Amino acid sequence: MVLLQEPAMRAALEPGPPARTLTLRERFKLPMTYTYGAILIAVTVLVSVLSDSEQTRVIQHASTNLNNLVAGRFGTLLSSAVVIGDGTAGALLIPLLVCLLVLAEWRFGALSLLRIFLVGHIGATLLVASGLWVAVSVDWMPTSISLAEDVGVSYGALAVIGSLIVVLPSKWRPTWAISLGAVAVAALVMGRTFTNAGHLIALSIGLLTGWLLLRSGHARAPRLNRYETALLVVAAVLGYVLLIG
């Protein structure tokens, strides 16, 4: 599989001698985590100081709702991933997301992490938008849904969470996939919103990425240390918060 074949990932997953442990300096070399985290914090702070009407305007401008996408505003596919919403949500989600990104960047490398995140975020967004377009076209849903706010980190984050199945011991992989998948399905059945559908799609993209890597035969990874285990627990908590929130 090409997606996860940058040097940092190859060193961890290719057959051969045991992968070496990252040095302390390498542990703190996290360009993807630092850059994305800083952007999220900056945007969240800026949005929080705006008036309610200005916040609504910014969120609508950055949203990947059907109205923006049909109008050709494809830049929202990126801008929507750096706008969380109100400051309270950011204060909760950003620290949890940073923990997820740290673990994923340690294991996958910066470029592969970026690819997984973007594939999950953009893929789920476009699939949901396609479904909404069909639903609106045949009058299954009101046209007002085209203006719904659709911003946040959840699609990309859930794709990354799903892909972490690769780093788990084999006996825990079914539990990881089934438990997260069951929560996503239950949230969709109870919530019945396009966001719930997007969450299930994004998680499925991440799990599929992990499964393809496992099937490729390059899933031999060093055992999780105690720090990585703690970060994995935080990643699981974030997954459940996003799915049921």
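Nothing in this text is a laboratory measurement; each read-out follows from the coordinates by a stated rule. This is a predicted model, so every value here is computed, not measured. As a convention, Cβ positions derive from the backbone with ideal geometry for all residues, glycine included, and neighbour counts pool all protein chains shown.
Each of Gly191, Leu126, Ile116 was placed along the dipole of region 27-244 (beta-carbon charges, centred on the mean Cα), and the one lying farthest toward the positive end is Ile116. Here the gap between Val189 and Leu118, fully extended at 0.36 nm per residue and compared with their Cα-Cα distance, gives a gain of 23.0 nm.
Across region 50-59, rounded Karplus estimates of 3J(HN,Hα) from the backbone phi angles (6.51 cos²θ - 1.76 cosθ + 1.60, θ = phi - 60°) give 7, 6, 4, 5, 5, 4, 4, 5, 5, 5 Hz, Gly and Pro being marked x.
Once the C-beta distance of Tyr240 and Lys171 is scaled by a Förster radius of 22 Å, the resulting FRET efficiency is 0.55 to the nearest 0.05. With N the number of residues in region 27-244, Rg(Cα) / (2.2 N^0.38 Å) evaluates to 1.02. The spacing between region 180-219 and region 60-132, judged by their C-alpha centroids, is 15 Å.
Extension gain Leu147-Ala135, at 0.36 nm per residue separation less the Cα-Cα distance, in nm?
Numbers: separation 12, 0.36 × 12 = 4.32 nm, distance 1.41 nm.
Taking 0.36 nm per residue and subtracting the Cα distance, the gain is 2.9 nm.
Determine the equivalent ellipsoid of region 144-245 by diagonalising the alpha-carbon gyration tensor, then write out the semi-axes as square roots of 5 times the eigenvalues, largest first, rounded to whole Å.
Details: eigenvalues 142, 38, 29 Å².
Result for region 144-245: semi-axes of 27, 14, 12 Å.
Tell me the net charge near Ala235. Cut-off is 14 Å between Cβ atoms, Ala235 excluded, with +1 for each Lys or Arg and -1 for each Asp or Glu. Show your work: numbers first, answer last.
On the way: positive: Arg107; negative: Glu105, Glu228.
So the surrounding residues net to -1.
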